[in-house]
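Visitor: Below is a structure I'd like to ask you about.
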Amino acid sequence: MKNINGGGSVYKLSGKRRKPWAAAITTGYSLDGRQVRKLIGTFETKREAQEVLIKYVRNPLLFNKVTFKEIKELWWENYKKKVTNESTINTNLYRLRALEPLDNFKINEIKVYDMQEIFDSMQTSWSFKNACKSVLNMIFDFAFKNEIVDSNKVKFIDLGKRVKVIDRRVFSKDEIEILWKNLDTDTYYCKYIYIVLILIYTGMRIGELLNLKNEDIDLHNSCLTIKESKTDAGVRVIPISSKIFNLFLTNMIKDQEYFVKGDTTKKLAYATFKPRFQKLLKELNIESHTIHDTRHTFATLLNNANANQTSIIKLIGHSDFSVTENIYTHKDTEELRKAVELLN
């Protein structure tokens with residue numbers, strides 16, 4: 001049966017072939033009046049060739065050889081315009097790195113198997129895998145809405161059973177001593193030691209430190225104010241222990257908005273700091289830690305120094321402090337200062 005004008009054609013190729021049926025579309029005419037045809041593909045059966053031809057006529061974009069990387073970048077530019085939280089942007093930028101093995105694939109040729117293989121090879125937590133899957137889903141939704149792929153198969157990726165594993169390791173006394181001894185070492189990664197020590201002796205979340213502005217640091221009264229946190233209880237005042245006072249004094253740069261500046265940005269990004277944190281520990285022969293271990297180290301050091309439990313909870317900005325505060329006596333800044341000075 002002849003296809004309608006502009007509907008392309010299916011024909012059988014000569015000779016003995018594994019895929020003898022061809023689907024083609026007319027793209028124009030040569031100077032001598034002959035049709036110029038674009039081959040869409042070859043197929044084992046006539047029916048398969050006809051089905052692909054119909055798909056092509058309905059939406060030629062599905063057959064564009066556009067890569068996952070190209071669509072990912074288009075989606076990213078669109079996504080950044082809609083998200084105002086810089087922390088969320090930086091976190092998703094880090095997750096995108098885990099999807100880079102897909103970059104050179106033609107997006108409409110990516111199979112569930114290809115995606116599954118990448119997730120199976122991730123040596124990360126279930127939560128991180130799930131977050132990466134969410135980002136991948138947004139990219140394929142974007143491609144589907146723009147008729148670049150004919151379906152979104154991300155939902156078929158199996159992350160396996162969620163096993164909650166909490167492996168928290170506090171920094172040992174020897175490891176903290178190594179950090180102090182190498183504070184002035186002139187190597188690329190050692191320049192981040194002051195950040196690690198500040199995290200250990202303040203209990204700040206890494207996001208809180210990266211969002212800390214110079215105007216939030218009161219050196220005269222030796223305290224800092226956390227104005228941006230993941231919880232309401234996280235908005236708090238932290239006295240600066242005399243042990244780390246000079247770390248703030250020597251690293252505060254005049255006319256700089258954020259306390260920790262990035263190489264080319266006004267503040268250091270989490271996605272940039274995380275791998276450098278791991279390389280720093282490796283360079284110093286310190287066993288592997290998560291950045292969050294600094295926070296647990298702070299609470300452990302205070303607890304070992306017999307600091308009041310209420311002070312510990314308030315200093316770390318625990319999400320349950322609003323409940324705890326109804327049970328224990330309220331602690332003012334001076335009481336909290338006594339707690340952090342126990343670390344000296």
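Each value in this text was obtained by applying a stated rule to the coordinates, not by laboratory testing. This one's a predicted model, so the numbers in the text were calculated from it and none came from an experiment. Virtual Cβ from ideal backbone geometry, glycine too; neighbours counted across all protein chains shown.
Visitor: Using θ = phi - 60° and the Karplus curve 6.51 cos²θ - 1.76 cosθ + 1.60, what whole-Hz ³J(HN,Hα) does each residue of region 178-186 get, with Gly and Pro shown as x?
Guide: Once θ is set to phi - 60°, the couplings for region 178-186 become 4, 4, 4, 5, 9, 4, 9, 5, 8 Hz.
Visitor: Kirkwood Rh over alpha-carbon pairs of region 173-341, then Stokes-Einstein at 20 °C and 1.002 mPa s: what D in µm² s⁻¹, rounded to an integer? Please list the in-between numbers first.
Guide: Numbers: Rh = 16.5 Å.
Reported coefficient: 130 µm²/s.
Visitor: Could you list which residues have their amide H under 5 Å from that of residue 236, counting only those 5 or more apart in sequence or on another chain, with H placed in the peptide plane?
Guide: 226
Visitor: Only counting other Cβ atoms within 10 Å, I'd like 343, 280 sorted with the fewest neighbours first.
Guide: Ordered from fewest to most neighbouring Cβ atoms within 10 Å, 343, 280 come out as 343, 280.
Visitor: Still on this structure: Using the structure shown, select from 161/227; 230/279; 161/274; 111/266 the pairs with a Cα to Cα distance greater than 32 angstrom.
Guide: 161/227; 111/266
Visitor: Calculate log10 I(q)/I(0) of region 163-239 for q = 0.21 Å⁻¹, where I(q) comes from the Debye formula with a single equal point scatterer on each Cα and nothing for solvent.
Guide: Taking Cα atoms of region 163-239 as identical point scatterers yields -1.06.
Visitor: While we're here: Extent of region 68-156 along each principal axis, from alpha carbon coordinates, in Å, largest to smallest?
Guide: Each principal axis gives a Cα extent; for region 68-156 these are 33, 33, 21 Å.
Visitor: When a footprinting reagent is the concern and you count Cβ atoms within 10 Å, what order do 260, 66 take, fewest first? List each step's numbers first, then the result.
Guide: On the way: 260 20, 66 16.
Ordered from fewest to most neighbouring Cβ atoms within 10 Å, 260, 66 come out as 66, 260.
Visitor: Once all Cα-Cα distances of the chain are split into 20 Å bins that start at 0, what whole-number percent is in each one?
Guide: Binned Cα distances yield the sequence 23, 41, 21, 13, 2.
Visitor: Tell me the relative contact order for region 68-156 as a rounded percent, counting alpha carbon contacts under 8 Å between residues six or more apart.
Guide: Normalised by residue count, the contact order of region 68-156 is 34 percent.
Visitor: Using the alpha-carbon atoms, what tilt in degrees (0 to 90, nearest 10) does helix 193-202 show relative to the longest principal axis of the chain?
Guide: 60 degrees
Visitor: Here is a follow-up. Quick one: net charge around residue 187, please, counting Lys, Arg +1 and Asp, Glu -1 for every other residue with C-beta under 11 Å from its C-beta.
Guide: So the surrounding residues net to -1.
Visitor: Which angle from 0 to 90°, rounded to the nearest 10, does the C-alpha axis of helix 112-121 make with the longest principal axis of the chain?
Guide: 20 degrees
Visitor: Another question, if that's okay. Restricting to Cα pairs below 8 Å that are 6+ residues apart, what does the relative contact order work out to for the chain? Please round to a whole percent.
Guide: Result for the chain is 13 percent.
Visitor: I'd like the orientation of helix 46-58 relative to the chain: the angle between its Cα long axis and the longest Cα principal axis, in ° from 0 to 90, rounded to 10.
Guide: The helix 46-58 is inclined about 60 degrees to the chain.
Visitor: For a footprinting-style exposure proxy, rank 10, 170 by other Cβ within 10 Å, fewest first.
Guide: Least to most surrounded, the residues fall as 170, 10.
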